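To keep things clear, I will list the structure first and then write my remarks on it.
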Amino acid sequence: MALLEVRDLHVYYGNIEALKGISLSANPGQIVAILGGNGAGKTTTLRTISGLLRPRSGSVMCAGKSLVGVDAHVIVGMGVSHVPEGRRIFNILNVEENLNLGGYLIRAQHQLIKERKAAVFGLFPRLAERRGQLAGTLSGGEQQMLAIGRALMSDPKVLMLDEPSLGLAPMLAKSVLKTVREIADRGAAVLLVEQNARQALAIADHAYVIEVGRIVLEGNAAVLAKDERVQKAYLGGFESVGSA
Amino acid sequence: MGDFLQYTVIGLTVGSFYALVALGYTIVYGIIRLINFAQGDLSMVGAFLGWTLLVSFGFEHLPIYLALVIAFVVPMIGTAVVNLGILQFAYKPLLRRSLLAILITALGMSLLLQNSAELIWGAAIEAYPPNLLPSSGFFVGPVHVTYVQIALVVASLLLMGGLVAFIQGTTIGTAMRALAVDHDAARLMGINVDAVIRIAFVLGAMLAAASGVMLGIYYVQIHFTMGFLLGLRAFTAAVLGGIGNIPGAMAGGMLIGLLEAYTTGYLSGTWEDVVVFGVLITVLIVKPTGLFGERVAERM
Amino acid sequence: MIAQLTERPVGRVYATVRDRLGRTPYWSRVVVSLVAIGVAVIFWNDDYVTAVAVSVATYAMLGLGLNIVVGYAGLLDLGYAAFFAIGAYTSALLMTQAHWNFFTTLPFAVLFTGTAGAILGYPTLRLRSDYLAIVTLGFGEMTRITFNNWEYAGGPNGVLGIPWPNFFGYELNTQADFFIVGLFLLAIAMIFAEHLDHSRLGRGWVAIREDEFAAESVGVPSLRLKLFAYVMGGMWGGLAGAFFATRIGAIDPTSFTFQLSVLILIVIVLGGTGSLPGVLLGALVVVALPELLRELSDVRLLVFAILLVGMMLLRPQGLWPRIRRKPKPFYGLQEEEPEDVAARILREHQVQMEERDRRHAAAGHKVPAAGEILLEVDGLVQQFGGLRAVDNVSFSVRRGEIFSIIGPNGGGKTTLFNCITGVQRPKRGRVLFDGRSIVGLRPHVIVSRGIGRTFQGIRLFKNMAVFENVMVGLYPRHRTMTWQAMLHTPGERKDELRTLQESRRWLSFVGLESMAGQLASQLSYADQRRVEIARALAAHPHLVLFDEPAAGMNPTEKLELVGIIRKIRDLGITVVLIEHDMSLVMRVSGRIAVLDHGILIALGKPAEIQNDPAVIEAYLGREDDDMGRLTAQEA
Ligand SMILES: Nc1ncnc2c1ncn2[C@@H]1O[C@H](COP(=O)(O)OP(=O)(O)OP(=O)(O)O)[C@@H](O)[C@H]1O
Ligand SMILES: Nc1ncnc2c1ncn2[C@@H]1O[C@H](COP(=O)(O)OP(=O)(O)OP(=O)(O)O)[C@@H](O)[C@H]1O
Ligand SMILES: [Mg+2]
Ligand SMILES: [Mg+2]
């Protein structure tokens, strides 16, 4: 059984069914990309796994334990970390305080916190420069760095990233994705939602394509990258303009 | 000049009580954006619990230190339990629904506490043992300072210091401030939001209870309606300092205490409210987020 | 089977009746229900009941006034009793000291309270809601204490012997008389309030409640709207005060305590904040409940408190909550063909542009022609502490072009936008738009000058429907006056319809017509960005500033966005774009500026920028495959 195992998830907003039976799994060391157009249900999937939403039916298992109905903060304690859509940093706290909260569950281990903070600062030197700045006044991209850094503080077993490269300058976006690869190589399972499908597929091992709440395609990332349907819908874009 | 200093001493003493209650307002507000109108009445509950222990149970006859420890610690715990009960039954179901509804509920709880207190302890004015602490003092030049005043101010400063250390110095304190921004994001950090809110309510109630007992010792007389004015002053103090801001609440409390003492001393007690609110409005017009400002940081 | 058959027509009849009722004008429903209540009470013919009914009416009047302040504008007012007091004292003193007729004192009671509201409100309404709460509380207390210490007004004894009102020789002196007058006033208040709620003002208030900053930035004059609500609510309180004074015959400061302010607040929250029938119900409960509890004497207040908390817990939204009808966005609008829509937008836009240019020229300014400078930024500096976020930046944007700003994270791009749109005041430098300086203007004024924008971190009004969001964007373009909104005149109705029609067109322009009825928060991220674009366009700006519009879109959607941006340009709107997606930027831009560490390091055509070593070093990086492919393609 995989580390993270999602089976036949049905999620509703009111009467609207946003997820109509999603199943996916992820193993340690694996990056699993989730692709799909807007409104497909990618964010909803992640929010359900991390306990912010309750599914109507279906199961979510992490390391053999069910996550359904478990409070979000407990799920974090089980090693699942989620970089939410729209960053959701704590804007009245400064950069360092935000990172400290990322390590809330290991708050007693000062040494560990220090080390992890240093690692995050190594990844995003800009954050180190701005340690004392209120997070709300950071630029959009800086906030994104903080949101990612904050999630890394807990050294998760399962890392879920909702569009991590959003708002990042191209060079930085690439280096972030490279870091994601390294995190996976160190043994974490990564769920990666990305609009930047080309780059996501380049680093991912496995991929799922969601459309209107259903998985319509799944497979090896490299294979999917060559799949005609994926190319057309998620990679195509500007080339097709060129040929038209 | 002598008068002025004398008023200052009185103002600072009373101000430190206000500051304690104001801290309660500020902590709770900082977390769930609720102006907890029952805060002042929690003080009253604390004062009556202390009175019950000292007078009804006769603990005033114990050695003074023991008596004081009991008279502070037990009401603080008792009031914290009451506040937790209020949180659990009255506020929590409404937390994510409507801020106005919680506000009205808080006003209702204030009324409820007052009337329950009247039912339990009666409508009469009760008196703390007048000579619990030595009523003597000393003169600094023309100014008379009593030992009671010193003891009370020191005690409240200690309490405040402890609170500041907790909120500014621990990650739980940081988590409290984070809750003011985004509950869901806080959950994603592994923060048990409900537990943190409970901590805030416990702290708020303990400070309020302590200030209630202090008021009892200082003014001797207590009454079930005493919480209203206290709460009002404390709320004003919290806003004056910048609601949500801990040092602001302390400074605000002291300032209001001083203003009140000067007004009563130089003008007359009837104008107290006018002066206090007049200063508040002026300050807010000049500095819209209070003296110490609340940390606001928003980006587009 | 048979049950079904018989049930169907009944159900249908019920539905039609409800539908019909829903369609009769609001005023007729108010009049019918209030007349029914009035007839019932008067035929009951019990003095006690009538007296209680008059009290209910008084509280309901106060509640309706406060509802505008709290329920509509979202301003927490804990000192509403002050208005009640000022109105009561004004009328009472004029009647007893100057021997005026009650009805002639009314305008003065209203005028005085309105003035008091404006004087207090103007400097303090900038404050956030909770600060405002204590300021208003303080105002309430100060007013009461002042009356208490004011000898002329009787000090603590108040004003005694206030005469009955005389209506053209008929003296109103029974409870029934007062009840009828009270109902009459109530009817007016309810009708006005309902109309306001459904006008552009109501929409503006909701927007302010949702996100004041964003409202201001899309053209809603938030301070003016809040002040209007506050003064309006205050005047209504003054009217109720005058009514109260003459009915009781004697007033004193204890009638106007903080407790009264709280009770009125309870009236509206208990009834359902923002709901007009809720106010009536809330007033009934607040007045009648203590009457019913009279038996309990000792524990009356305790029971009242328990019941109050219980009711709030059981019905947090109020006893008769305001129903947010599921918005039926374009109900009753004429259908338009897609080609039609595009043509109309173009036509409407050209009309708007021409009109603005004409006004601009008439005021003696030069109107830039296409290709001439529209926006000029000159030596702009913005500094935060020791950090120069924007450092001496100068450039200009020509009318009709698509101009992009790129650069590393934290380069100063968004800060630049904020300085242009008045969100921040730059430390130094000039910003000229249409040849006129716009530095130091409030954001909504800059919007009305013709600059629209979107936000990097989406700032939609989350609990408003998508089409309502766009309608808020049309705020600066309304031509009707407030009194028209209050009376719901035909002119106002036409204006509203036009607004609706136009918001629909803008939504179809960005391809979101089918989502119009959803709440903004229910849309996915990428769709929310498109709503923001529509909202920015709605005011027919000359210039739009888009801050990372493509963030969160996949390549296919980005492609659509390119189409939309080009369509915008084709309308004649100048576009300035911040974006990190290079393929998009290179596709659409005429010229590109690069900001790094606040400094403008390059400015030029896409091809130049792409090969500029400094830009590659600071931003693009070396082996960008997407870019490589693209250049190969373009070549
Ligand atoms: N709070 C909500 N209430 C109602 N419907 C919602 C809510 N949030 C999302 N939805 C709907 O659920 C569907 C899935 O949304 P979701 O945010 O998961 O999409 P997504 O795949 O993350 O899209 P994007 O790429 O644009 O972020 C959409 O149709 C959206 O309109
Ligand atoms: N109020 C503030 N206080 C302190 N620093 C600020 C403030 N506002 C912005 N900054 C800093 O100014 C710099 C420029 O910010 P800005 O938001 O303009 O960047 P940007 O170019 O839009 O970047 P991004 O592409 O990441 O959105 C950033 O480093 C940011 O941290
Ligand atoms: Mg999403
Ligand atoms: Mg930016």
For this session: Working carefully through the options B:PHE235, B:PHE228, find the one that is more than 14 Å from chain A (Cβ to nearest Cβ) and surrounded by fewer than 20 Cβ atoms within 10 Å (Cβ to Cβ).
Result: B:PHE228
Problem set entry | Among (1) more than 16 Å from ligand 3 (Cβ to nearest atom); (2) open to solvent by 30 Å² or more (accessible area, probe 1.4 Å); (3) over 20 Å from C:LEU600 (Cβ atoms), the one test that C:LYS427 misses | (3)
Exercise. How about the stretch A:138-244: which strands (runs of 3 or more DSSP E) wholly inside it have at least 3 residues that are more than 8 Å from every other protein chain (Cβ to nearest Cβ) and within 16 Å of ligand 3 (Cβ to nearest atom)?
Worked result: A:158-162, A:189-193, A:206-211
Exercise. Has the stretch A:22-37 got at least one residue that is surrounded by fewer than 23 Cβ atoms within 10 Å (Cβ to Cβ), over 16 Å from the mean Cα position of the chain (by Cα) and more than 22 Å from C:ARG529 (Cβ to Cβ)?
Worked result: yes
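Each row is one residue, and each column tells you yes or no for (1) closer than 18 Å to C:ILE446 by Cβ; (2) within 16 Å of ligand 2 (Cβ to nearest atom); (3) in contact (Cβ under 8 Å) with a residue 24 or more places away in the chain.
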{"position": "C:VAL351", "(1), (2), (3)": "no, no, no"}
{"position": "C:GLU354", "(1), (2), (3)": "no, no, no"}
{"position": "C:ALA362", "(1), (2), (3)": "no, no, no"}
{"position": "C:ALA370", "(1), (2), (3)": "no, no, yes"}
{"position": "C:LEU375", "(1), (2), (3)": "yes, no, yes"}
{"position": "C:ASP378", "(1), (2), (3)": "yes, no, yes"}
{"position": "C:VAL381", "(1), (2), (3)": "no, yes, yes"}
{"position": "C:PHE384", "(1), (2), (3)": "no, yes, no"}
{"position": "C:ILE406", "(1), (2), (3)": "no, yes, yes"}
Exercise. Given (1) within 14 Å of chain C (Cβ to nearest Cβ); (2) in contact with a Ser or Thr (Cβ under 6 Å, 6 or more places away or on another chain), where does B:LYS92 come up short, assuming only one miss?
Worked result: (2)
For this session: Run C:LEU127 past the list (1) within 14 Å of chain B (Cβ to nearest Cβ); (2) of a type outside the set (Gly, Ala, Ser); (3) free of Cβ contacts under 8 Å to residues at least 40 places away in the same chain; (4) surrounded by fewer than 19 Cβ atoms within 10 Å (Cβ to Cβ) and report the number of the one that doesn't hold.
Result: (4)
Exercise. Can you tell me which residue in the stretch C:430-452 is farthest from ligand 4 (Cβ to nearest atom), limited to those that are open to solvent by 50 Å² or more (accessible area, probe 1.4 Å) and assigned to a helix (DSSP H, G or I)?
Worked result: C:SER448
For this session: May I ask you to verify whether A:GLY86 is at positive phi, surrounded by fewer than 23 Cβ atoms within 10 Å (Cβ to Cβ), within 14 Å of chain C (Cβ to nearest Cβ) and within 16 Å of ligand 2 (Cβ to nearest atom)?
Result: yes
Exercise. How many of the residues making up the stretch B:79-117 are surrounded by fewer than 20 Cβ atoms within 10 Å (Cβ to Cβ) and closer than 16 Å to B:GLY212 by Cα?
Worked result: 1
Exercise. Which members of the stretch C:479-520 meet the condition of being open to solvent by 60 Å² or more (accessible area, probe 1.4 Å) and of a type in the set (Asp, Glu)?
Worked result: C:GLU513
For this session: Take the residues in the stretch C:537-566 that are closer than 12 Å to C:VAL510 by Cβ and open to solvent by 10 Å² or more (accessible area, probe 1.4 Å), then tell me which one is nearest to ligand 1 (Cβ to nearest atom).
Result: C:GLU557
Exercise. Inside the stretch B:208-225, can you point out the residues that are open to solvent by less than 10 Å² (accessible area, probe 1.4 Å) and farther than 15 Å from B:ALA123 by Cα?
Worked result: B:ALA208, B:ALA209, B:ALA210, B:SER211, B:GLY212, B:VAL213, B:MET214, B:GLY216
For this session: Go through C:LYS567, C:LYS558 for me and flag whichever is more than 14 Å from chain A (Cβ to nearest Cβ) and within 23 Å of A:GLY39 (Cβ to Cβ).
Result: C:LYS567
For this session: Could you check how many residues of the stretch C:453-467 are charged (D, E, K, R) and crowded, with 24+ Cβ neighbours inside 10 Å?
Result: 1
Exercise. Out of all the residues in the stretch C:374-389, is one or more more than 14 Å from every other protein chain (Cβ to nearest Cβ), open to solvent by 30 Å² or more (accessible area, probe 1.4 Å) and either in contact with an Asp or Glu (Cβ under 8 Å, 6 or more places away or on another chain) or under 16 Å from C:ILE573 (Cβ atoms) (or both)?
Worked result: no
Seminar exercise, completed: Across the stretch B:262-291, the tally of residues that are under 21 Å from the mean Cα position of the chain (by Cα), at the interface with chain C (Cβ under 10 Å from one of its Cβ atoms) and farther than 16 Å from C:GLY138 by Cα stands at 1
Exercise. Could you give every pair whose Cβ atoms fall below 7 Å, whose first residue belongs to the stretch B:178-200 and is farther than 17 Å from A:MET78 by Cβ, and whose second residue is at pLDDT below 95 and among the polar types (S, T, N, Q), counting only separations of at least 6 or pairs across chains?
Worked result: B:VAL181/A:ASN91
Problem set entry | Close pairs from the stretch B:218-233: first in contact (Cβ under 8 Å) with a residue 60 or more places away in the chain, partner outside any helix (DSSP H, G or I), Cβ under 6 Å, at least 6 apart | B:VAL220/B:ALA127; B:VAL220/B:TYR128; B:VAL220/B:PRO130; B:GLN221/B:ILE125; B:GLN221/B:ALA127; B:ILE222/B:GLU126; B:HIS223/B:ILE125
Exercise. Name the residues in the stretch A:45-72 that are touching a residue at least 60 places away in the same chain (Cβ under 8 Å) and either open to solvent by 10 Å² or more (accessible area, probe 1.4 Å) or not aliphatic (A, V, I, L, M) (or both), would you?
Worked result: A:THR45, A:SER50, A:MET61, A:CYS62, A:ALA63, A:GLY64
For this session: Output the residues belonging to the stretch A:152-171 that are open to solvent by less than 40 Å² (accessible area, probe 1.4 Å) and within 16 Å of ligand 2 (Cβ to nearest atom).
Result: A:GLU163, A:PRO164, A:SER165, A:LEU166, A:GLY167, A:LEU168, A:ALA169, A:PRO170
Problem set entry | Within the stretch C:195-235, tally of residues that are part of a helix (DSSP H, G or I) and touching a strand residue (DSSP E or B) at 6+ places or on another chain (Cβ under 9 Å) | 1
Problem set entry | Single unsatisfied condition, B:VAL55 versus (1) part of a helix (DSSP H, G or I); (2) within 29 Å of B:LEU240 (Cα to Cα) | (2)
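The values are calculated or read from the model by the stated rules, or taken from the named source; none is laboratory data. The structure displayed is predicted, hence computed values, not measured ones. Cβ atoms come from the backbone with ideal geometry, glycine included; neighbour counts cover every protein chain shown. The area values use the complete protein model at the heavy-atom level, side chains included, leaving out ligands, DNA and RNA. Shrake-Rupley method; radii C 1.70, N 1.55, O 1.52, S 1.80 Å.
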